[in-house]
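Note sheet for the following structure.
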Amino acid sequence: MKKLKGLGGAGLISVWLSGFLLIALSFYGTLLLSPSLNNPSFHQESSTAPRITIFTALHSSSSSFISQAIRSWLALSSQVTVVIFTQHNNYSPSFTDTFGSRLVLDSTIDFTFLGTPFLHSMLARTEAYVSDLSVLIDPHTLLLPDFISALNHAHHLDRDWLLVSSSANIPRFPFHWDQTGRSWRHQDNGKRVRFGELQKMISQLNSSGGGGGSNMIMAWNNNVDSPLHCGVLPPFLYQRGTHNQWIVNEAMSCERRFVFDATSTVSSVLLSNVTEPKTRNWEYIGNSHLGKLYGSSSKSYALPKLLKCNKRYIFVTASERSIEPKGLNVGFRRREKISACVSRSKSRSLKLDPVRKDEAMPALKFPYDLESLLPLVADKNRTVVLSVAGFSYKDMLMSWVCRARRLAVPNFLVCALDDETYQFAILQGLPVFFDPYAPKNISFNDCHFGSECFQRVTKVKSRTVLKILKMGYNVLLSDVDVYWFRNPLPLLHSFGPSVLVAQSDEYNTTVPINRPRRLNSGFYFARSDGPTIAAMEKVVKHAATSGLSEQPSFYDTLCGEGGVHRLGDDRCVEPETNLTVHFLNRDLFPNGAYGDLWLKEDVRGECEKKHCYVLHNNWISGRLKKLERQMMKGLWDYDASMRMCV
């Protein structure tokens, strides 16, 4: 204090000026160092910023377009996490390492055999992630910072909501993120592009009319008590049309959420030079069929719009009336400003076509037959897993398929015995073909073992296996009531050529497993070689003239009547073709009566102790009893009400 007194007035002024200069320099330095203030792409976030998870799905390997899109999403906020649903998780480490822990690859959803993801499975899986807001977006869509602003506004609404927005289609986007990930730069000259310039360009592209429902962004607040819509979402194929319109219509008619169009306030770009194969048109037709079959609404709704007028968000109805803030007495000058704002935004809105339930739909024509499916489905050993099913067993078929998917066994084929099963399997994304020679009028409930229906149906299986063998492919025939614990193919391949490997139907533990007529034709592995094909031709010929099912024909042809060609306790040798038939170990491949496994309290646990590969749900009469037993014992992998794997 004494020193300050000695400085006099001039000295005090000098100290004050020096202090003020230091404060100014410090503030200027803060501006330079802060990306949130220096770059409009980054926003200073409070501790209450919502956690946002952006979901998308990929059909194929990553591209530069997808990387650009992901960069734009992660740059929106540090609270953003990206989840990519992908079938194989086969992306290079460099791709995932680029984005760090905020990018998650998830392969637990359902896909078709061609790799198209199912939307209902995706949306069900989103519930496993903890976040305040969820976003569903096309993987080729770039987002700009005003998307976060719109989400933040919606986040503070006092009710549950669903935001939808259409993206501008741009064949070539001439900008890219720089290495810092903080700004856009022009691809030609490398100059930095400001957010306002990008926004203006997107606005001009939208001036000719809003986008359609196919390139829609959807975002919603997460509330377990408020689903997006009422009812069950059909098994729509993602990005194959219809489902966006369907969800919006159902959400509007359900009235549990406030649904609004944010196209006028969200800047987004869809890189539209991504093309789909021409052979995939049937997927769009399939979605159209589902949209017509399911849901309660065929009405086309005019959505309220979210606008930004004079830096303030407002909601406007289709009649151009402001509906926010509620109860506010808006003056004349403010009404004029709102009207001008609405007028400017007229060209930027989402165009949704109604899901018309009264229109005739084109036929759902699947462009694949058995011959064209085989090379698509077969594994590297030219092996397929074949199952045959009619409509009464469609749910058990799907449980079997779900189990195959869970065990990463994608090389399965389905032979449909009727048109209903064929159409059902197509919509479920299965590699299915129809057998035109299958018996007609298959009983729904009375096609169990020993029935006339069963005898006619089983003969389809051996004919189809023989046909595939002649095309040069190995076949593992598995009935849909065979529950798989492990993938048996590596073991079955180890038996070598000229060996047909089959399950034994013998339940008595004190007798040989190759006793007469104990070959189970519901689970066997046949190679595409000369001896096997010749032997299968004899089986099919024998079954064609038999009044029984195909199962006795297998044993009598390959092991001889009464088992005269048996060798030891677990084999037979067919003398004319020299084909060996090997009966599988019952501990590893138990039938439905062996060891009373189905009577155990914990069937799965007992089978895991034995290291079972499969367990056959046979030796029980009647479809309903078979279904009940498998479900009650917890060996069921399909939710029929949701039409998805569990």
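Computed from the Cβ-Cβ distance with R0 of 51 Å, the FRET efficiency linking D369 to V130 stands at 0.65.
In this structure the range 515-646 gives 45 Å² per residue of accessible area when probed at 1.4 Å with all protein chains present.
Taking a ≥ b ≥ c as the square roots of the eigenvalues of the alpha-carbon gyration tensor, the range 542-628 is classed oblate because a/c is 1.5 or more while a/b is no larger than b/c.
The Cβ shell under 13 Å around R527 holds other residues with a net charge of +1, Lys and Arg each +1, Asp and Glu each -1. Positive end of the dipole of the range 496-550 (Cβ unit charges, origin at the Cα centre): among V511, V501, F523, the Cα lying farthest that way belongs to V511.
Net charge in the neighbourhood of V80 (other residues with Cβ under 9 Å of its Cβ; Lys, Arg +1, Asp, Glu -1) is +2.
A DSSP coil position with no more than 12 other Cβ atoms inside 10 Å describes the following GluC sites (Glu not before Pro) in the range 556-643: E576, E601. Positive contributions from Lys and Arg (+1) and negative ones from Asp and Glu (-1), summed over other residues with Cβ under 12 Å from the Cβ of R194, come out at +3.
The values are calculated or read from the model by the stated rules, or taken from the named source; none is laboratory data. Small disclaimer: the values here were computed from a predicted structure and weren't measured. Quick reminder, even Gly has a Cβ in these numbers, built from the backbone with ideal geometry, and neighbours come from all protein chains shown. What goes into the accessible areas is simple: the full protein's heavy atoms, side chains included, and nothing from ligands, DNA or RNA. Shrake-Rupley method; radii C 1.70, N 1.55, O 1.52, S 1.80 Å.
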